[in-house]
Amino acid sequence: MSKRVEWNGDRVQQALALEAKTGFTNLQGREYTFHDFLRLQLQQIPPDRLPRGQFGRWQILTTELANYPCLPPEARQDLLTRVRWLVEALPQTGRPAAVPPARPQVKEPAPAPPPSHTVTWEMPLDQVKVLKPYQRQQLNALGLSTLSQVLRYYPRGYVDYSHRRLIRDLQPGETVTVVGTIRSCQCFTSPKNPKLSILEVVVADPSGRLKLSRFFAGKRYTNRAWQEQQLRAYPRGATVAVSGLVKEGKYDKTLQEPVIEVIDGDETTAGRIIPIYPLKAGVKALGLRQTLNTVLPLTQQLPDPLPAGLCRAWELLPLGAALTQIHNPDSPDQEKAAKRRLVFDEFLYLQLAFLQRRHQQRAAAAATPAITLEGRLLEQFRQQLPFRFTTAQERVIQEILRDLQKNTPMQRLVQGDVGSGKTVVAVMALLAALEAGYQGALMAPTEVLAEQHYAKLVAWLTPLHLSVDLLTGSTRPAGRRQTLAQLETGELSLVVGTHALIQEDVNFQRLGLVVIDEQHRFGVAQRARLQQKGLDPHVLTMTATPIPRTLALTLHGDLDVSQIDELPPGRQPIQTTVMRASDRRFAQDLIRREVVQGRQAYIILPLVDESEKIELRSAIQEYERLREVVFPTFQLGLLHGRMSSAEKEEAIRAFRDHKTQILVSTTVVEVGVDVPNATVMMIEHAERFGLAQLHQLRGRVGRGSHKSYCLLISSNQNELSLQRLKVLEQSQDGFWIAEMDLRLRGPGEVLGTRQAGLPDLALASLMEDQEVLESARQAATQLMSQDPSLVTWPYLKQELDQRVSQLLGDTVLS
C-alpha cells in the first residue's frame, strides 16, 4: 500500500520547475510519474483553502491532468502554466482541513492573469494571447473566429456522472445515461432490406454489456464509404456516453433510438458534469473542452452589458458566471440558472431590436394619414354580404379600424386558419381607406392568387361603384400603361397585383393602406418597397400559417398581432385518414370515384432531397406512371418547382378551369390555390412533412359544398411517426396543429429561418422558454420607456448594435 500523499507546495513548485527544464517529458519518479504526483497533490487541496473564484479552475485542472501523457509538448506547457497560477495564488501552506466545506452556490469566473492587451467580445482569435496555435486551428475548424463566438459555442448536452447508471441496474421504461467502453462496432446493409443500414455497437461497463442498434433508412446510408465513416466514429476502446429509453430486446435489455456520444480520455471523475459539444472531423471532445477552459477566465475582463439593477430585478446570474456555468456546471441547477441568463439575453436583444425599429419608424412617420371613419361604405358592404362576420372577425376589424384612425403607421399582422375569412377583413380595412379618399394596394405572391383576389374584389366592390384593377407580369402593355396613369392621377382607387406593384414606374397619388397576403412568401425588402410607394402608409399583413401568439410576438416583434381563431359556421370538416403505403390502392379508388362524379383531386409528392433535380425527376416519373398506369382515362396535370412561372400559372389555371382532373404536384400548391371543386388531397410520404405544412395542403380541399378527403400515405412503419400524423386525424384546428408541430420540430424547421425572419437562437427555445421570453419582453419595454436611445447604458447599446449587425442582419431588421 502506498503511503498517504499530503499537500506540499514546495515540492509541487520544484516538480513544476524540473518538468519544464526537461522539456515536459512527464518525468518518472520513484513512486509516481510527474502527472500522477501533481494530480494527487492538487486533490489534497480542500476548497476552503482556495481563493475566491478558484474552485472551478481547481476542479478543471485536476481532471485535465489525467490526460497529460496524451498531450503535445505545447499543450503540456500551457496546462502547467495554469497549474502554476493556481499554486501561486494559494495562501501559505499548512495541513489541509479534514472536511471540505460545501461548494459555493454560484461559480464566479476564474481570474485571468494580468493581460498585456485589452480583451473585447469581438477580438479575433489570433489576438487572444492565452490560446496556442493548435488551439486556434481547432477553433477555426469549427468556424469560430472571435472570442465571442468561442464563448457562445454552447454545449448541446451534458453527461452527469453523478447520475450515471450501471448496465446491470437498468429497468425497462427508464430514460438513462450509461458510460462505458466500446467493445465492438459493426455497420452493414440489412440482408432483408437493401435500403436499410444498421449500426450495431456493443458497450460495456464494469457491471455488464449493452448491445445498441440504430437504423438508417435510405439508399445513401447503404453506401460503403458512409458505413466506414461510422466505424471510424465509434472505434473499439473509445469511452462513450449513451442515452435513451430502456426496453426489453429480443435477448436482453437495450436502448430505444440511443444517442451515442464519444468522450475522450479519462472522464471518470466522480460527480462531474461533462459538456457535450457539436464536433467536426479532426476536433476531439477533450481537446475542445480544454481549449474552452483556457479562454473562460477572460470573461472576468469583459463588462456585463446588462444593468446591475435589471439583473437583480429578474434574478439573473452575472454574465461571467453564466458563461462559466454553461460550459462547466457545478450542478444541474447551476446549468439551468446559467442557461436562463443566456436565454434571457438572446430574447432581450431581439425584443430591443424590434422595439427600437418601431420607435424609429414612428418618429419618422409624420406624414402617415390618420383615416377618418365615416362608416357608410362599410355598412353598405356588410349589407350586401350573404353571411355575417364571426365574433373573431369583428374583433380583428375593430382592432384594425382603431389603428387606421391614428397618425402613426399601422403595422399589424392578421393570422388565421385556412378559410377563416382573412380576405374579407382586409376588404373592410381597404374600404375605410378608400372612403376617406386614399388609395389601397393588395399584393399577393402569385398571379393565380392575385387573380382570385381580383375576382372577389370586383364582385364585392362593383355594386359600391369603386374602381379596382389588376397589375401582374402578364398584364398587356397597353392595359399596364392605363393602370399606371390612373394610379398616378388618383382615378384608380384600388389595385391588386404581384411583385409588379413594386417596380419603379408604379406610383400612387395618395396611397393610404397596403395589404400584403401570405407575407412570409415575400422578402423583407420587397415588402418595404411597396410601403415606400406612399408616405408611410398603414400596412396590414396576412398569413394562413398560424403560430402561437407568443411566438408570433417574437418573430414579428415590431408588429401588432391579431388572430382570427374562429371558422365561419357551416364549413364541413375534411375527413382525414392516415394510411400505410400498402393501402395506397384504396386511396386511388377514392380518387377515381370522386373524379367520375365530376370532382377533382390533388396528388402531392414531397421534396425528397435538397436537390431540385431529384424533386423534378420524382415528380415527372410519378406523373408519367399515374397517367399511363393508374389513371389512364383521366386528364392529369403536373406542377413542380423547376417549371417557369408561366408554366406554373398555366398548370394551376388548367386545373382551376377543370381542363385537368388530377393535379400531380410538389408543395408549390401549398398556399393560395382556390379550386372549390377539388375534394381529394392525397399526400405521398406524408411523414416527410411537418404537421403545419400538411394542414396547409389539406386546406386546398373542403372549399366547396361537397364532402372532402385528405389521405396521408406514410411509407414509414415507425409507430412514433404514424402517431404524429394522427394529430391531423384528431383536429382541424390550425393553431393547435401548428403548436404541436412547433413542439415536435422547432420553429426553424417549421417556419424556415430566412422566410420567417427567424434569427439564430443559440440556446433559446421559442416553445420551451416562453416564460423567459415574456420576462425579456417586459424588461425590453421598461428599458425603452426609460431611454429609447439606450445611451444611458453604453455597454448594452454596444452589444445590441453588435448583435443586430451580426446575428439578425437584414433577415429581420432591413
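The values are calculated or read from the model by the stated rules, or taken from the named source; none is laboratory data. These numbers were taken from a predicted model, which means no experiment stands behind them. So basically every Cβ, Gly included, is an ideal-geometry build from the backbone, and we count neighbours across all protein chains shown. Just so you know, the surface numbers come from the protein's heavy atoms only, side chains and all, with ligands and any DNA or RNA stripped out. Shrake-Rupley method; radii C 1.70, N 1.55, O 1.52, S 1.80 Å.
Worth pointing out:
- Count - residues of segment 646-686 that are modelled with pLDDT of 85 or more, under 29 Å from the mean Cα position of the chain (by Cα) and assigned to a helix (DSSP H, G or I): 1
- Segment 687-705, subset in a loop (DSSP other than H, G, I, E, B) and of a type in the set (Lys, Arg), residue farthest from the chain's Cα centre (by Cα): Arg703
- Only one of Leu540, Leu513, Leu530 that is in contact with a strand residue (DSSP E or B) (Cβ under 8 Å, 6 or more places away or on another chain), surrounded by 21 or more Cβ atoms within 10 Å (Cβ to Cβ), within 24 Å of Ser562 (Cα to Cα) and at pLDDT below 65: Leu530
- Scanning segment 653-686 for residues that are open to solvent by 20 Å² or more (accessible area, probe 1.4 Å) and of a type in the set (A, V, I, L, M, F, W, C) returns a single hit, Val668.
- The condition (being more than 30 Å from Ala779 (Cβ to Cβ) and of a type in the set (A, V, I, L, M)) is satisfied by just one residue among Val343, Val283: Val283.
- Counting the residues of segment 148-160 that are farther than 20 Å from Ser331 by Cα and modelled with pLDDT of 90 or more gives 1.
Okay, residues lined up against (1) modelled with pLDDT of 85 or more; (2) surrounded by 13 or more Cβ atoms within 10 Å (Cβ to Cβ):
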| site | (1), (2) |
| --- | --- |
| Phe215 | yes, yes |
| Lys219 | no, no |
| Ala225 | yes, no |
| Gln230 | yes, yes |
| Gly249 | no, yes |
| Lys253 | yes, yes |
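- Residue satisfying all of: in segment 612-636; closer than 19 Å to Glu687 by Cα and surrounded by fewer than 17 Cβ atoms within 10 Å (Cβ to Cβ); modelled with the highest pLDDT among these: Glu622
- Search result, residues across segment 573-592 that are surrounded by 12 or more Cβ atoms within 10 Å (Cβ to Cβ) and either charged (D, E, K, R) or touching a Pro at 6+ places or on another chain (Cβ under 6 Å) (or both): Arg580, Asp583, Arg584, Arg592
- Note on segment 488-501: residues that are at pLDDT 90 or above, of a type outside the set (Gly, Ala, Ser) and in contact with a strand residue (DSSP E or B) (Cβ under 8 Å, 6 or more places away or on another chain) total 4.
- Taking the conditions (1) in contact with a strand residue (DSSP E or B) (Cβ under 7 Å, 6 or more places away or on another chain); (2) hydroxyl-bearing (Ser, Thr, Tyr); (3) closer than 24 Å to Ile276 by Cβ in turn, Ser207 satisfies each one other than (1).
- Complete set of residues in segment 349-361 that are open to solvent by less than 10 Å² (accessible area, probe 1.4 Å) and either touching an Asp or Glu at 6+ places or on another chain (Cβ under 8 Å) or farther than 14 Å from Pro788 by Cα (or both): Tyr349, Leu350, Phe354
- Condition met for Arg312 (among the basic types (Lys, Arg) and in a helix (DSSP H, G or I)): yes
- Residues of segment 710-735 that are modelled with pLDDT of 80 or more, within 25 Å of the chain's Cα centre (by Cα) and surrounded by fewer than 18 Cβ atoms within 10 Å (Cβ to Cβ): Lys726, Ser731, Asp733.
- Members of segment 77-133 found to be surrounded by 12 or more Cβ atoms within 10 Å (Cβ to Cβ), hydroxyl-bearing (Ser, Thr, Tyr) and modelled with pLDDT of 50 or more, listed by number: Thr81, Thr120
- Some residue of segment 692-709 being modelled with pLDDT of 80 or more, open to solvent by 10 Å² or more (accessible area, probe 1.4 Å) and touching a Leu at 6+ places or on another chain (Cβ under 7 Å): yes
Table: residues versus (1) under 30 Å from Trp121 (Cβ atoms); (2) open to solvent by less than 50 Å² (accessible area, probe 1.4 Å); (3) at pLDDT below 85.
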| site | (1), (2), (3) |
| --- | --- |
| Ser207 | no, yes, no |
| Glu267 | no, yes, yes |
| Leu298 | yes, yes, no |
| Ala308 | yes, no, no |
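- Among residues of segment 500-510, those that are surrounded by fewer than 19 Cβ atoms within 10 Å (Cβ to Cβ) and in contact with a Gly (Cβ under 8 Å, 6 or more places away or on another chain), counted: 2
Listed here are the residues, each with its yes/no results for (1) among the polar types (S, T, N, Q); (2) surrounded by fewer than 17 Cβ atoms within 10 Å (Cβ to Cβ); (3) part of a loop (DSSP other than H, G, I, E, B).
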{"site": "Gln135", "(1), (2), (3)": "yes, no, no"}
{"site": "Gln138", "(1), (2), (3)": "yes, no, no"}
{"site": "Pro155", "(1), (2), (3)": "no, no, yes"}
{"site": "Arg165", "(1), (2), (3)": "no, yes, yes"}
{"site": "Gln171", "(1), (2), (3)": "yes, yes, yes"}
{"site": "Thr181", "(1), (2), (3)": "yes, yes, no"}
{"site": "Gln186", "(1), (2), (3)": "yes, yes, no"}
{"site": "Pro191", "(1), (2), (3)": "no, yes, yes"}
{"site": "Leu212", "(1), (2), (3)": "no, no, no"}
